[in-house]
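Q: Before anything else, here's the structure in question.
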Amino acid sequence: MTSVRPRRVAAALRRLRRRFGFDGNPLRREVDRRQRAVGIGAAAAFAIAAPPACASAASLAYGAGVHAERAESAAHHRITARVTGIEEQSGEQRYSYARLAWTTRDGRAHTAVIPAGRKTRPGTVRRIWVDDRGEKTPRPQDRADTVAGAVFAGAAAVGAAALPPLAVYLVVRRRCDRGREEMWDTAWARLDRPHIG
């Protein structure tokens, strides 16, 4: 039972080697060898370009994210607001909104309307984020947002690094495919000729 799996893996590796032209097949044509060389070059270019591009983009995004964290945490404050009423909007679907009211440290009253859940009732308390003017604002960026942004930037950089080598390989492969088709046409035309003698 255990010997079956290594055989399958070996067979898969042989197929992969054949697929990419690393099997040393003497029947491979010059056009096949050219395509393989360009493919190896494209893979090598990607392997060289992708890691520094990924690291650089992720590092820049992380630095910008940490800066945004500090700026937003300094300018945003979490306060307690009270639900003063529930507004319902009917239509194809029914939506509920809660009207919130709060007072800032300087004594100014503020209100906002937010989507309400089923359990939201007038008089209940909600924790919200406000800016320096006391206006409701989205939650400030935290470390999880920063890390997610850095990962996304790194992945985007890897994708961007892959595009030029892939484009070159696809162009060369298309030309090689045309060359192979012409060779086939020539070979078939030779076979179709009536043999004299």
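The values are calculated or read from the model by the stated rules, or taken from the named source; none is laboratory data. All figures in this text were calculated on a predicted structure; none of them were measured in a lab. Quick reminder, even Gly has a Cβ in these numbers, built from the backbone with ideal geometry, and neighbours come from all protein chains shown. Please note that ligands, DNA and RNA were not included when accessible areas were found on the heavy atoms of the full protein model with its side chains. Shrake-Rupley method; radii C 1.70, N 1.55, O 1.52, S 1.80 Å.
Q: What residue among Asp106, Asp32, Asp132 has the largest mean-square fluctuation in a Gaussian network model of the chain, using Cα springs under 10 Å?
A: Asp106
Q: Given the options Thr80, Trp129, Ala156, identify the residue whose Cα lies farthest towards the positive end of the charge dipole of the chain (+1 on Cβ of Lys, Arg; -1 on Cβ of Asp, Glu).
A: With unit charges placed on the Cβ atoms, the residue in question is Ala156.
Q: Where does region 112-197 land on Rg/Rh, using Cα atoms and the Kirkwood Rh? Please report the intermediate quantities before stating the final value.
A: Working: Rg = 32.4 Å, Rh = 20.6 Å.
Rg divided by Rh gives 1.58.
Q: Just to make sure I understand: if all protein chains stay in place, what is the order of Lys136, Lys119 by accessible area at 1.4 Å, largest first?
A: Values: Lys136 90, Lys119 180 Å².
Highest to lowest solvent-accessible surface, that is Lys119, Lys136.
Q: Give me the mean projected area, in nm² to one decimal, of the convex hull enclosing the Cα positions of region 1-148.
A: Details: hull surface 79.4 nm².
Averaged projected hull area, Cα only: 19.9 nm².
Q: Could you identify which residue out of Ala116, Ala57, Ala156 has the top mean-square fluctuation in a GNM of the chain using Cα springs shorter than 10 Å?
A: It is Ala116.
Q: Sticking with this structure for a sec: Can you work out the Karplus-derived ³J(HN,Hα) for every residue in region 27-44? Use 6.51 cos²θ - 1.76 cosθ + 1.60 with θ = phi - 60°, whole Hz, and x for glycine or proline.
A: Calculated HN-Hα couplings, in order: 7, 5, 8, 4, 5, 5, 5, 5, 4, 5, 4, 5, x, 5, x, 5, 5, 5 Hz.
Q: Just read off the accessible area of Ser96 with the full protein assembly in place, 1.4 Å probe, to the nearest 10 Å².
A: Ser96 has an accessible surface of roughly 40 Å² with all protein chains in place.
Q: Separate question: At a 1.4 Å probe radius, which order do Cys176, Cys54 fall into by accessible area, largest first?
A: Working: Cys176 5, Cys54 45 Å².
Listed by decreasing accessible area, they come as Cys54, Cys176.
Q: While we're here: For the pair Thr120 and Thr104, how long in nm is the line joining their label points, each one 7 Å along Cα→Cβ?
A: 2.2 nm
Q: With Cβ to Cβ distances under 12 Å as the rule, what net charge do the other residues near Arg118 carry (K, R +1; D, E -1)?
A: +2
Q: Further, regarding this structure: Leaving ligands and nucleic acids out of the surface, order Asp131, Asp185, Asp145 by accessible area at 1.4 Å, largest first. Write out the running numbers ahead of the final one.
A: Values: Asp131 30, Asp185 105, Asp145 60 Å².
The residues order as Asp185, Asp145, Asp131, largest area first.
Q: Using the heavy atoms of the protein chains alone and a 1.4 angstrom probe, what is the accessible area of the chain per residue in square angstrom?
A: Accessible area per residue: 75 Å².
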